[in-house]
Amino acid sequence: MAQDKWIERGKNVIMNTYNRFPITLSDGEGVYLKDIDGKKYLDFVSGIAVNSLGYKNQTLINALYNQMKNLIHCSNLYWNIPNIEAAEILIKNSIFDKVFFCNSGAEAVESAIKLARKYGKKFHGEDCYEIITMKQSFHGRTMGAITATGQSKYQKDLNPLLDGILYAEYNNFESVKKIISNKTCAILLEPIQGEGGIRPADKEFLKNIRELCDEKNILLMYDEVQCGIGRTGYLFAYEAYEVFPDVICLAKGLGGGFPIGAMMANKKCSSVFQPGDHASTFGGNPAACTAAKIVLNTLINDNILKNVKEQGKYLREKLLNLKEKFNIIIDVRGIGLMQGIELSIPIGDIIKSCIEKGLLLVGAGSNVIRFVPPLIIKENEINEAIDILEEVLKGV
Ligand SMILES: *Cc1c(COP(=O)(O)O)cnc(C)c1O
């Protein structure tokens with residue numbers, strides 16, 4: 001009953017922007033969470049693809065503790081070592097030239113939008129400012145990012161939106177060609193659409209867009225806020241496709257639960273921002289960068305990416321098995337540990353029943369159930385999740 005009390009208190013003071021489940025969480029370990037009544041949940045949400053190393057990773061905790069004892073924040077008016085080290089790891093393990101640190105996915109997207117506009121104006125003139133994004137995409141909740149988001153349900157009542165964003169059909173190259181013009185400065189897309197329903201891009205689509213961007217000398221920008229940082233079994237989703245962007249947006253899993261975002265750019269455009277062009281008070285602070293440093297080093301050095309590839313394959317097989325058994329499952333999609341099942345019915349009650357049975361799941365749109373567990377998930381834990389889901393599906 002303690003939970004009801006807290007929920008009541010929460011409803012009194014927290015702005016009503018989320019439909020929350022009636023659970024108050026207070027503890028976690030490995031891939032499990034606990035609520036304040038002690039009920040345990042197997043976590044296939046990970047704070048929405050955030051807690052990449054699961055809970056109570058001692059290396060992460062110790063590094064953060066030691067850093068915070070010394071210095072939590074200092075301005076970007078000065079240098080700090082975790083900031084430089086985190087950037088060095090990102091640059092060394094990617095195709096990019098420079099990093100801009102911020103605090104969230106939306107901020108990473110905002111910085112990319114600004115970089116693209118400056119690039120367009122610098123190389124093609126004052127009228128080159130349009131950005132093409134995709135329908136069914138999701139890029140965040142700030143005014144620029146929500147305009148880039150190609151879903152009107154997120155945009156209603158917010159007009160006027162940002163000028164100069166055009167939407168193409170995802171995986172439909174003709175629809176991109178139809179709206180591209182010499183006003184276009186960039187194309188922004190998710191290599192795997194997350195909120196839009198776990199939809200991977202076709203490799204051919206990305207290749208065609210890459211060629212088009214090269215031809216026009218404009219920027220190809222990937223929003224890897226959800227699908228980056230190990231989710232696909234590669235540090236970056238572009239590695240899974242071998243089609244390379246000029247700009248990348250990162251956040252979610254980057255800090256393993258600590259808030260941090262990043263935008264990276266290659267040599268073609270990394271010097272477009274000059275002092276004064278963009279900034280963030282908290283961006284790149286030593287605490288957040290320490291978290292990112294540990295997450296990146298762990299993913300790269302501790303065989304986690306191999307685990308994502310193996311367990312991603314295993315999870316996918318299990319989901320395909322379920323699809324054979326239950327005809328309400330009409331599709332299984334995803335790469336690595338970013339998987340989704342599309343159902344022919346609304347998913348709300350299924351997710352609720354799974355939570356009651358101790359499995360946290362989250363939807364992606366109205367009829368896709370998303371599976372984004374911590375990247376350290378093991379086979380027996382996948383079995384446990386599938387058993388719960390199967391039991392629930394049997395009752396539908
Ligand atoms: C979650 C998400 C964002 C927004 O990230 P915030 O940290 O919530 O601002 C942007 N792009 C994608 C692809 C996302 O999944």
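The values are calculated or read from the model by the stated rules, or taken from the named source; none is laboratory data. Note that the structure is a prediction, hence the values are computed from the model and not measured. Because the Cβ atoms are built from the backbone with ideal geometry, glycine has one as well, and the counts that use them run over all protein chains shown.
Of these, Leu206, Leu212, which one is within 16 Å of the ligand (Cβ to nearest atom) and either surrounded by fewer than 24 Cβ atoms within 10 Å (Cβ to Cβ) or more than 30 Å from Val45 (Cβ to Cβ) (or both)?
After ruling out the rest, the residue left standing is Leu206.
Could you say which residue among Asn321, Asn327 is at negative phi, in a loop (DSSP other than H, G, I, E, B) and over 23 Å from the mean Cα position of the chain (by Cα)?
Asn327
Give me the pairs: first residue in the range 105-127 and touching a residue at least 24 places away in the same chain (Cβ under 8 Å) and aliphatic (A, V, I, L, M), second residue within 16 Å of the ligand (Cβ to nearest atom) and assigned to a loop (DSSP other than H, G, I, E, B), beta-carbon distance under 7 Å, and six or more apart or on different chains, which are they?
Ala106/Gly140; Ala106/Arg141; Ala106/Thr142; Ala108/Val225; Ala108/Ala251; Val109/His139; Val109/Gly140
I need every pair where a residue in the range 243-254 that is over 10 Å from Gln226 (Cα atoms) and modelled with pLDDT of 95 or more has its Cβ under 6 Å from the Cβ of a residue that is within 11 Å of the ligand (Cβ to nearest atom) and of a type outside the set (D, E, K, R), sequence separation at least 6 or different chains.
If the second residue must be within 11 Å of the ligand (Cβ to nearest atom) and of a type outside the set (D, E, K, R), the pairs left are Pro245/Tyr222; Val247/Ala112; Ile248/Tyr222.
Quick one: would you say Gly284 is at pLDDT 95 or above and assigned by TED's automatic domain parsing to the domain that holds Val31?
For Gly284, the condition - at pLDDT 95 or above and assigned by TED's automatic domain parsing to the domain that holds Val31 - is not met.
Can you pull out the residues in the range 50-92 that are crowded, with 17+ Cβ neighbours inside 10 Å and of a type in the set (S, T, N, Q)?
Answer for the range 50-92, where residues must be crowded, with 17+ Cβ neighbours inside 10 Å and of a type in the set (S, T, N, Q): Asn51, Ser52, Asn57, Gln67, Asn80, Asn83.
For Tyr238, are the conditions met, namely being surrounded by fewer than 24 Cβ atoms within 10 Å (Cβ to Cβ), modelled with pLDDT of 95 or more and away from the ligand (no atom under 16 Å from the Cβ)?
Here the answer is no, as Tyr238 does not meet what is asked.
Identify all residues within the range 92-110 that are of a type in the set (Gly, Ala, Ser) and in contact with a Cys (Cβ under 6 Å, 6 or more places away or on another chain); write none if there are none.
Residue satisfying the conditions is Ala108 alone.
Would you mind stating whether Thr147 is of a type outside the set (A, V, I, L, M), in the same structural domain as Ala291 (by TED's automatic domain parsing), at pLDDT 95 or above and assigned to a strand (DSSP E or B)?
no
Is it the case that Gly255 is within 13 Å of the ligand (Cβ to nearest atom) and surrounded by fewer than 24 Cβ atoms within 10 Å (Cβ to Cβ)?
No, not satisfied.
Taking helices (runs of 4 or more DSSP H) that fall entirely within the range 1-107, which contain at least 1 residues that are under 26 Å from Leu189 (Cβ atoms)?
Of the helices (runs of 4 or more DSSP H) lying wholly inside the range 1-107, those with at least 1 residues that are under 26 Å from Leu189 (Cβ atoms) span 46-49, 81-92.
Can you name every residue in the range 93-105 that is within 8 Å of the ligand (Cβ to nearest atom) and crowded, with 24+ Cβ neighbours inside 10 Å?
Within the range 93-105, Gly105 is the sole residue that qualifies.
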